[in-house]
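See below for the structure under consideration.
The values are calculated or read from the model by the stated rules, or taken from the named source; none is laboratory data. Because the structure is a prediction, the values reported are computed rather than measured. Cβ placement follows ideal geometry from the backbone for every residue including glycine, while neighbour counts extend to all protein chains displayed.
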Amino acid sequence: MADVSYLTQEGLENLKAELDDLKGPARQKLSERLRLAIQQGDLSENADYIQAKEDQGFLEGRILELEQLLRNVVIIDDTVQNRDKVEIGAHVTIQEGSFPEETYYLVGPKEADPRNGRISHESPIGKALLGHQVGDEVLVDTPGGSIRLNILRIE
């Protein structure tokens, strides 16, 4: 059984757009590069041809990766109004000790971007928060050591 990929609607649309670009214009452009490189003659020492073939391998690999990912998508429902506990799709406001509050959006790993407030439900903090409620204190084992987080709000 393939792994499920959790994506927001926006993330799904972005990946579909990337796949369409790779299968269309990007593939066409690469095909043209290969054609031109082949016309230069001896392929054994043709750097343009070798680079184009490597690029083709990466492009086809990314296409396969996206197709597999898109076959097993679960859309994150971020429209839920009343959240009693932390789950994927929740905006969670936490605080560590006397540090400022931080709000994170729990998403799947493909959309995680901690600098922009999006953390994966598979990350150490994401895993630790799942299933907890407002007021809970959560112990998180991170690569930098254990930290205690207080859950202030779930939206």
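Values as computed for the structure displayed
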| quantity | calculated |
| --- | --- |
| Residues (under 19 Å from residue 22 (Cβ atoms), touching a residue at least 24 places away in the same chain (Cβ under 8 Å) and in contact with a helix residue (DSSP H, G or I) (Cβ under 9 Å, 6 or more places away or on another chain)) located in the range 55-78 | 55, 56, 59, 62, 63, 66, 67, 69, 70, 73 |
| Condition check for residue 3: under 22 Å from the mean Cα position of the chain (by Cα), part of a helix (DSSP H, G or I), closer than 30 Å to residue 105 by Cβ and of a type in the set (D, E, K, R) | no |
| Pairs, first more than 10 Å from residue 94 (Cβ to Cβ) in the range 129-149, second surrounded by fewer than 14 Cβ atoms within 10 Å (Cβ to Cβ) and of a type in the set (S, T, N, Q), C-beta under 8 Å, six or more apart | 139/146 |
| Any hit, the range 79-90, residues being small (Gly, Ala, Ser), closer than 23 Å to residue 138 by Cβ and surrounded by 14 or more Cβ atoms within 10 Å (Cβ to Cβ) | yes |
| Any hit, the range 38-59, residues being farther than 18 Å from residue 153 by Cβ and of a type in the set (Phe, Trp, Tyr) | yes |
| The range 6-54, subset without any contact (Cβ under 8 Å) to a residue 12 or more places away in the chain and under 13 Å from residue 70 (Cβ atoms), residue nearest to the chain's Cα centre (by Cα) | 14 |
| Complete set of residues in the range 8-46 that are of a type in the set (A, V, I, L, M), surrounded by 12 or more Cβ atoms within 10 Å (Cβ to Cβ) and modelled with pLDDT of 95 or more | 12, 15, 19, 22, 26, 30 |
